[in-house]
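**Student:** Structure provided below as structure tokens; questions to follow.
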Amino acid sequence: MEQTENLSVQTTKVQNPRLRMLKTMLERLWQNKLAVFGGVVTFLLIFTALFATWLAPHDPTEQNYSAVLQAPSSEYWFGTDNLGRDIFSRVIYGAQVSLQAGLISVGIALIIGVPIGLISGYYRGFIDEYIIMRMTDAMLSIPALVLALALAAVLGAGLTNAMIAIGLVLTPNFVRLIRGEVLAHREKEYVEAGKASGISDFSIILKHILPNTIAPIMVQATLAIAAAIIVEASLSYLGLGTQPPNPSWGSMLATGQGYLDSAPWIALFPGALIFITVISINLFGDGIRDMLDPKMK
Amino acid sequence: MATPQMEQSTENLLEIKGLKKYFELGGGLFKQKQQVKAVDDLTFNVKKGETLGIVGESGCGKSTMGRALLQLQKPTSGEVYYEGQDIAQLNGKQLRKLRKDIQIIFQDPFASLNPRMTVGAMLTEIVATHEIVPKKERQSYVQNLLEEVGLKAEAYWKYPHEFSGGQRQRVSIARALAVQPKLIICDEAVSALDVSVQAQVLNLLQKLKRKHQLTYIFISHDLSVVKHISDRVGVMYLGKMVELADEDSIYENPAHPYTQALFSAIPDITEDHKERIQLKGDVPSPLNVPTGCRFHTRCPLATEYCKQAEPALEEVKEHHLAACHYAE
Amino acid sequence: MKSTSEENQLQVHGLEVGFKNKKKYTQILNGVSFNVNKGETLCIVGESGCGKSLTSLSIMGLLPESGEVRSGEIRFEGQELTNRSMKEMSKIRGNEISMIFQEPMTSLNPVHTVGKQIIEAIRIHRNVSKKEATERVVEMFELVGIPSPRERVHNYPHEMSGGMRQRVMIAMALACDPKLLIADEPTTALDVTIQAQILDLLNELKGDLDMSIVMITHDLGVVSEMADQVLVMYAGEVIEYTDSKSLFENPKHPYTQGLIASIPKLQGKTEELPVIKGAVPNPDEMPSGCRFSTRCAFAKQECFDQSPQEEGTEAHPVRCWMYSAEWQQMTPLKGGESNGYTTDGAVDREPIRN
């Protein structure tokens with residue numbers, strides 16, 4: 001009797017299983033209000049960056065010496081800086097640079113770091129132990145900013161090169177993390193069972209191990225985006241990132257530093273946006289991680 | 001269980017000769033490397049259609065043996081002939097092909113299934129790898145398989161955590177069966193299950209064996225389970241086989257003192273407090289294997305001679321091998 | 001349930017325990033009652049999820065945060081324990097009531113020597129000097145059969161084998177002369193030959209130290225070695241309660257019968273094992289009648305709707321309709337269908353968990 005009962009329940013539920021899976025995943029995400037909030041804010045930020053030209057009330061590079069260091073007003077919502085540029089417009093344009101810097105450099109780090117970490121952790125051996133691991137150790141032992149600075153200096157100034165430099169600096173973190181995860185998972189019985197079933201190493205790595213390392217990668221990636229935005233800011237400050245007069249949140253923050261007493265709004269708004277961006281990407285990342293975990297309800 | 005004799009042939013499906021698996025431990029700049037002799041010189045055959053039970057306590061090397069047979073861990077030395085072909089000599093590609101014939105079921109029904117894959121995806125992948133059935137028929141093939149092991153076809157769409165322990169072990173069995181193997185190594189396959197569920201799974205294993213003419217190597221620490229399911233039983237101690245005989249013969253007349261002690265240690269509900277052969281102390285560390293007979297440190301019958309000479313696994317009577325100087 | 005003229009060490013009556021999570025309350029233990037007499041061993045046996053471990057944690061006052069004793073009494077030497085504060089309980093724990101767990105490695109702190117850990121435990125409850133405490137530890141180690149006890153005191157947990165660690169745990173549990181020892185699957189993680197040693201040790205110590213033991217186990221073999229009285233639990237209820245001999249010679253509840261039948265025996269040959277079909281129901285989806293009804297071979301129509309009361313004799317109560325006066329009048333299942341623990345292939349009746 002129990003059996004028939006169950007069958008009827010099951011059949012009504014399982015009509016289009018793939019759809020059902022997607023539906024439960026989205027439901028899971030929707031239930032996580034913080035993640036939804038993070039997602040909405042992240043989406044808004046990307047939207048702002050994409051449509052900066054239409055959204056910004058002023059030209060972000062236009063200098064207006066009659067309106068220098070003005071406090072926020074109805075004309076200049078976020079006030080003006082030392083050259084009389086509209087901070088609201090600069091923040092909007094800055095979103096382009098900062099989000100690019102965050103997403104693309106982390107993308108670079110993932111593209112390089114994930115395969116190296118997976119292969120290195122799965123096959124172990126001499127190259128893993130003595131070359132890849134020692135190299136990551138060496139890179140991690142140098143402060144991120146110093147390393148990025150050196151790389152950016154070699155590659156030359158400019159946003160693209162800055163992103164490549166930041167991406168490379170972030171890579172060893174991912175290699176280490178993923179290698180560690182792979183080491184833990186390769187000993188698990190389900191991997192052994194896969195091998196025993198004759199599944200190729202390639203499939204085991206890609207289909208079995210990688211999905212099980214998504215959670216820590218997700219967390220690390222959202223944190224890295226935040227770090228990348230800040231490192232880009234520092235590089236810009238030192239003249240190796242975005243070139244003036246183009247705005248980035250980082251360079252604006254750097255300018256504002258000198259006026260913290262007299263005109264705190266110059267640093268406040270880009271600073272607040274970096275903070276909001278990092279938090280929302282983090283919340284959204286957590287939500288995605290939970291969404292992908294079949295064990296979460 | 002004893003399958004009727006006629007089902008068993010004398011043909012050997014698997015011949016193991018001098019199988020050894022040593023692990024290197026530690027080692028470094030100032031430390032000497034240590035050697036763990038997990039499996040030390042095993043020689044035995046597995047007959048087509050039989051269930052060979054392997055029993056022993058933790059650390060005796062029974063699980064390592066199972067993995068070494070499958071080349072999941074490369075044996076240090078020794079030969080494993082499967083239908084006349086030495087498995088240890090195969091390259092990666094040939095080995096993957098052979099894995100269609102020999103399968104393994106692990107103990108832990110929680111760790112042995114990928115938590116991120118539905119049961120269907122997991123099984124279909126294996127079926128696809130070995131091209132068991134055409135692409136169109138894969139799903140129905142897998143669903144039939146799930147029904148055969150006592151699950152509902154809907155299990156295809158479920159994730160491992162949606163099942164109970166017993167059901168997961170059924171999924172593991174289905175996964176092993178998916179490639180239509182000839183030999184299945186059951187490594188503590190029922191040890192993590194509750195008694196009533198354990199009985200269900202044991203019955204299922206026997207049913208499948210009859211239906212698909214399977215051969216089992218059934219590794220377990222539980223003597224009564226091994227006795228129940230096996231035709232022949234091998235007892236391992238510290239990496240060695242100390243006794244190997246037909247199930248009834250080893251139970252009626254255990255020749256090795258270790259086997260005797262092992263049997264007497266099982267709490268049995270059908271007997272009132274029976275006399276026990278109490279073994280002294282613990283199993284010695286495999287890092288530091290005793291000289292001579294490995295069992296002499298705990299053996300109630302040990303003599304000076306046992307400390308020096310290692311006994312060989314020899315026939316004490318027909319089809320009954322034991323490694324003891326004093327076994328009669 | 002039963003009362004004897006002997007003095008009771010522990011009385012548990014109508015214990016109801018459950019878990020609260022957010023708004024939902026899930027009851028796990030449903031009116032568990034038993035007595036443990038002085039110097040007696042009671043075994044609580046059942047499969048995973050039957051509530052046997054929760055029972056012992058309730059006695060110890062070690063329920064997890066979300067756990068809650070809804071009602072019932074736990075009396076230790078006549079004193080009620082359920083209303084004690086954490087502080088009062090910690091005075092009793094490890095002193096008058098001790099506990100040993102399944103996995104000795106996780107119950108010992110890996111960064112301290114075993115000696116130090118036991119000395120600390122002793123000095124919490126007894127006002128003795130370090131030296132006296134050390135002497136006590138050596139004495140205890142000798143008692144539980146640890147070779148060269150004076151040296152072993154300085155060992156770290158990882159330097160010992162599983163069997164030795166369990167002996168250390170027993171030594172720690174016994175160091176303050178407890179009157180009641182609760183052993184939760186103490187030999188499950190051990191090999192058979194080591195298990196035999198530990199069981200013999202516990203039986204020996206029980207006689208020497210005059211304490212009562214409550215032993216939680218899933219292994220009927222262990223029950224037959226240890227128990228004076230046996231409590232069989234199923235899905236949070238006591239379904240049978242009697243002495244060890246009657247239980248094995250004359251099991252009354254269909255679940256107990258099935259459980260005993262489904263163990264592979266060392267004697268004789270069985271082609272196929274008799275099985276109990278299906279699995280233990282989830283706490284959220286308990287059958288409304290007898291909790292075993294969905295798996296029972298003898299279930300009649302009423303079994304599915306009405307919970308049975310305690311039936312049988314004073315000395316051997318059993319929670320089953322079969323032993324009630326009404327059984328003869330009850331309606332058999334239509335078409336003679338039963339859930340029988342027959343030998344035919346195991347059809348899976350477990351509900352898929354969502």
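**Student:** All other residues with a Cβ under 10 Å from the Cβ of C:THR187 taken together, and with Lys, Arg as +1 and Asp, Glu as -1, what is their net charge?
**Tutor:** -4
**Student:** Determine the per residue accessible area of the protein assembly as shown with all protein chains present and a 1.4 angstrom probe, expressed in square angstrom.
**Tutor:** 43
**Student:** With runs of 4+ DSSP H residues as the only contributors, calculate the mean residue ellipticity of chain A at 222 nm using -39,500 (n - 2.57) per run, divided by the residue total and rounded to the nearest 500.
**Tutor:** The per-residue figure over chain A is -23000 deg cm²/dmol.
**Student:** Across peptide B:224-236, how many C-beta atoms of other chains are within 10 Å of each residue C-beta, on average?
**Tutor:** Taking the mean over all residues of the peptide, I get 2.
**Student:** For A:PRO247, what charge total do you get from the other residues with a beta carbon under 14 Å from its beta carbon, if Lys and Arg give +1 and Asp and Glu give -1?
**Tutor:** -3
**Student:** At 1.4 Å probe size, with the rest of the protein present, what percent of the exposed accessible area of the protein assembly as shown is carbon and sulfur atoms?
**Tutor:** In the protein assembly as shown, the share of accessible area belonging to carbon and sulfur is 55 percent.
**Student:** Continuing with this model, one more query. Under 10 Å, Cα contacts only: if you run a Gaussian network model on chain B, which one of B:PRO267, B:PRO115, B:PRO257 comes out with the highest mean-square fluctuation?
**Tutor:** Of B:PRO267, B:PRO115, B:PRO257, the Gaussian network model singles out B:PRO267 as fluctuating most.
**Student:** At R0 = 41 Å, how high is the FRET efficiency between A:LYS23 and C:MET86 if r is their beta carbon distance? Nearest 0.05 is fine.
**Tutor:** Step by step, r from the Cβ atoms, then E = 0.35.
**Student:** Leaving out same-chain residues fewer than 8 places away, which aspartates and glutamates sit with a Cα under 12 Å from that of B:LYS17?
**Tutor:** B:ASP40, B:ASP41, B:GLU79, B:ASP86
**Student:** Could you check which residue among B:ALA245, B:ALA38, B:ALA111 shows the biggest mean-square fluctuation in a GNM of chain B with a 10 Å Cα cutoff?
**Tutor:** Among B:ALA245, B:ALA38, B:ALA111, the largest mean-square fluctuation in the Gaussian network model of chain B belongs to B:ALA111.
**Student:** Can you tell me the dipole magnitude for the protein assembly as shown around its Cα centre, using point charges on the Cβ only (Lys, Arg +1; Asp, Glu -1), in Debye to the nearest 20?
**Tutor:** I would put it at about 2740 debye.
**Student:** Would you mind getting the Kirkwood hydrodynamic radius of the stretch C:104-175 from its Cα pairs, rounded to one decimal in Å?
**Tutor:** 11.8
**Student:** What is the Cα coordinate range of the protein assembly as shown on the first, second and third principal axes, sorted by size from largest, in whole angstrom?
**Tutor:** 105, 74, 70
**Student:** Residues with beta-carbon under 11 Å from that of C:GLN79, excluding C:GLN79: net charge, scoring Lys, Arg +1 and Asp, Glu -1?
**Tutor:** -3
**Student:** Turning to a different aspect of this structure: Give me the inter-chain shielding for B:184-196: mean count of other chain Cβ atoms within 10 Å, whole number please.
**Tutor:** Mean partner shielding for this stretch: 4.
**Student:** Just to check I understand the Karplus step: with θ = phi - 60° and J = 6.51 cos²θ - 1.76 cosθ + 1.60, what whole-Hz values come out for the stretch C:165-176, glycine and proline as x?
**Tutor:** Along the stretch C:165-176, the couplings run 4, 5, 5, 4, 4, 5, 4, 5, 5, 8, 4, 9 Hz.
**Student:** For the stretch B:288-328 and the stretch C:69-139, compute the distance between their C-alpha centroids and round to whole Å.
**Tutor:** That distance is 45 Å.
**Student:** Got a sec? Charge dipole of the stretch B:107-150, +1 on Cβ for Lys and Arg, -1 for Asp and Glu; which of B:PRO134, B:VAL149, B:ALA111 is way out at the positive end?
**Tutor:** Highest projection toward the positive end goes to B:PRO134.
**Student:** Averaged across the residues of B:97-110, what count of C-beta atoms belonging to other chains lies within 10 Å of each residue's C-beta?
**Tutor:** Neighbouring Cβ atoms belonging to other protein chains average 3 per residue here.
**Student:** Can I ask one more? So if I restrict to the alpha-carbon atoms in chain C, what is the Rg, and what is Dmax, the biggest pairwise distance, in Å?
**Tutor:** 21.8, 75
**Student:** May I ask you to order A:170-177, C:195-202, C:69-76 by the average number of other C-beta atoms within 10 Å around their residues, highest value first?
**Tutor:** So the order, starting with the most tightly packed, is A:170-177, C:195-202, C:69-76.
**Student:** Right, another one. Less than 17 Å apart at the alpha-carbon level, and either on another chain or at least 8 residues along: which aspartates and glutamates does that give for C:LYS20?
**Tutor:** C:GLU65, C:GLU68, C:ASP284, C:GLU285
**Student:** Mean residue ellipticity at 222 nm from the helices of chain B, using -39,500 (n - 2.57) per DSSP H segment of n ≥ 4 over the full residue count, to the nearest 500 deg cm²/dmol?
**Tutor:** -8500 deg cm²/dmol
**Student:** Leaving out ligands, DNA and RNA, calculate the buried accessible area for the pair B and C with a 1.4 Å probe, summed over both sides, in Å² to the nearest 100.
**Tutor:** About 4500 Å² of accessible surface is lost on pairing.
**Student:** To one decimal place, what Kirkwood hydrodynamic radius in Å is obtained for the stretch B:117-180 from all pairs of distinct Cα atoms?
**Tutor:** About 11.3 Å, per the Kirkwood formula over Cα pairs.
**Student:** Suppose R0 equals 51 Å. What FRET efficiency, 1/(1 + (r/R0)^6) with r the Cβ-Cβ distance, do C:THR331 and B:VAL289 give to the nearest 0.05?
**Tutor:** Calculated value: 0.15.
**Student:** Over 29 Å between Cα atoms, which of B:LYS240/C:LYS277; B:LYS33/B:LYS93; A:LYS195/B:LYS62; C:LYS245/C:LYS269; A:LYS195/B:LYS211 qualify?
**Tutor:** As for pairs spanning more than 29 Å Cα to Cα, those are B:LYS240/C:LYS277; B:LYS33/B:LYS93.
**Student:** Now a separate question. Return the ratio Rg/(2.2 N^0.38 Å) for chain B, where Rg is computed over Cα atoms only.
**Tutor:** Normalised Rg, Cα atoms only: 1.04.
**Student:** Rounded to the nearest 5, what is the percent of antiparallel bridges among the DSSP beta bridges in the protein assembly as shown?
**Tutor:** 65
**Student:** Does any residue of the stretch C:205-243 lose at least 10 Å² of accessible area with all protein chains in place compared with its chain alone, and if so which ones (probe 1.4 Å)?
**Tutor:** C:HIS218, C:GLY221, C:SER224, C:GLU225
**Student:** Need the C-alpha centroid separation for the stretch B:43-95 versus the stretch A:210-232, integer Å.
**Tutor:** Comparing the Cα centres of the stretch B:43-95 and the stretch A:210-232, I get a distance of 43 Å.
**Student:** Then there is this: Using Cα springs under 10 Å in a Gaussian network model of chain C, which residue among C:THR26, C:THR55, C:THR82 shows the largest mean-square fluctuation?
**Tutor:** It is C:THR26.
**Student:** Hey, another quick one. Given only helices, namely DSSP H runs of n ≥ 4 each adding -39500 (n - 2.57), what is the per-residue ellipticity at 222 nm of chain C, to the nearest 500 deg cm²/dmol?
**Tutor:** -8000 deg cm²/dmol
**Student:** Scanning chain A for helices, which whole DSSP H stretches are 24 Å or more long along the axis (Cα) and average -1.0 or more by Kyte-Doolittle?
**Tutor:** Span-like helices in chain A: A:33-50, A:87-123, A:159-186, A:214-237, A:265-292.
The values are calculated or read from the model by the stated rules, or taken from the named source; none is laboratory data. Keep in mind the model is a prediction, meaning the values are calculated, not measured. For neighbour counting, all protein chains shown are included, and Cβ atoms are generated from backbone atoms with ideal geometry for every residue, glycine included. The protein model used for the area step is the full one, side chains on, heavy atoms only, and it has no ligands, DNA or RNA in it. Shrake-Rupley method; radii C 1.70, N 1.55, O 1.52, S 1.80 Å.
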